[in-house]
Amino acid sequence: MPSVHDFSAVTIDGHDVKLAQYTGHVLLIVNVASKCGLTPQYAALEQLHETLGARGLRVLGFPANEFGGQEPGANSEIASFCTTNYGVKFDMFSKVVVKGEGISPLFAFLTQQSPFSGDIKWNFNKFLIGKQGEVLARFEPTVDPAGPEVRAAIEAALA
């Protein structure tokens, strides 16, 4: 079965990255948006990055505009918003399509071929990825990234 490490992505500043570079790290892949009621989750995602990064967690943010047009800006505007308003230092990627026509290959895999398949319903859907690129868990948008359910799953993956 394919893994997340089989895919590539483009960083928010335009660099191609093979996700295999994250082998050995636990990933939290999140489709994000700047103008959403859930946008304050950026703060909790950054806190996870800061507190668990040294233990091997990497948060990967993928801006998407499929839900209510809540991520209309260009990559440079998104990057500026994230750093100015939430101090985001975790890895951010270029805007992608996470549902429907033109879906990115990574999100097609996550939503169609992983054990946690099914369309993404809104911004801030979270996929927990194990050290070898396997999909371990999926958390719906309203699940707080700092909440006990997510934290326990991350801790187990890091162990």
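Here are the numbers for this structure:
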{"quantity": "Any hit, segment 27-41, residues being of a type in the set (A, V, I, L, M, F, W, C), more than 12 Å from the chain's Cα centre (by Cα) and under 22 Å from residue 149 (Cβ atoms)", "calculated": "yes"}
{"quantity": "Odd one out for residue 52 among (1) assigned to a loop (DSSP other than H, G, I, E, B); (2) more than 15 Å from residue 30 (Cα to Cα)", "calculated": "(1)"}
{"quantity": "Pairs with Cβ under 6 Å, 6+ apart, first in segment 1-14 and within 11 Å of residue 75 (Cα to Cα), second aliphatic (A, V, I, L, M) and modelled with pLDDT of 95 or more", "calculated": "11/17; 12/92"}
{"quantity": "Candidates 150, 96, filtered to the one that is at pLDDT 95 or above, within 14 Å of the chain's Cα centre (by Cα), among the β-branched types (Val, Ile, Thr) and not in a helix (DSSP H, G or I)", "calculated": "96"}
{"quantity": "Looking only at segment 119-136, and only at residues there that are farther than 17 Å from residue 62 by Cβ and not charged (D, E, K, R), the one that is surrounded by the fewest Cβ atoms within 10 Å (Cβ to Cβ)", "calculated": "132"}
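Here is a yes/no grid of residues against (1) surrounded by 14 or more Cβ atoms within 10 Å (Cβ to Cβ); (2) modelled with pLDDT of 95 or more; (3) among the β-branched types (Val, Ile, Thr):
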| position | (1), (2), (3) |
| --- | --- |
| 26 | yes, yes, yes |
| 36 | yes, no, no |
| 45 | yes, yes, no |
| 70 | yes, no, no |
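The values are calculated or read from the model by the stated rules, or taken from the named source; none is laboratory data. What you see is a predicted model; the values in this text were computed from it and never measured. Positions of Cβ are generated from backbone atoms using ideal geometry, with glycine treated the same way; all protein chains shown enter the neighbour counts.
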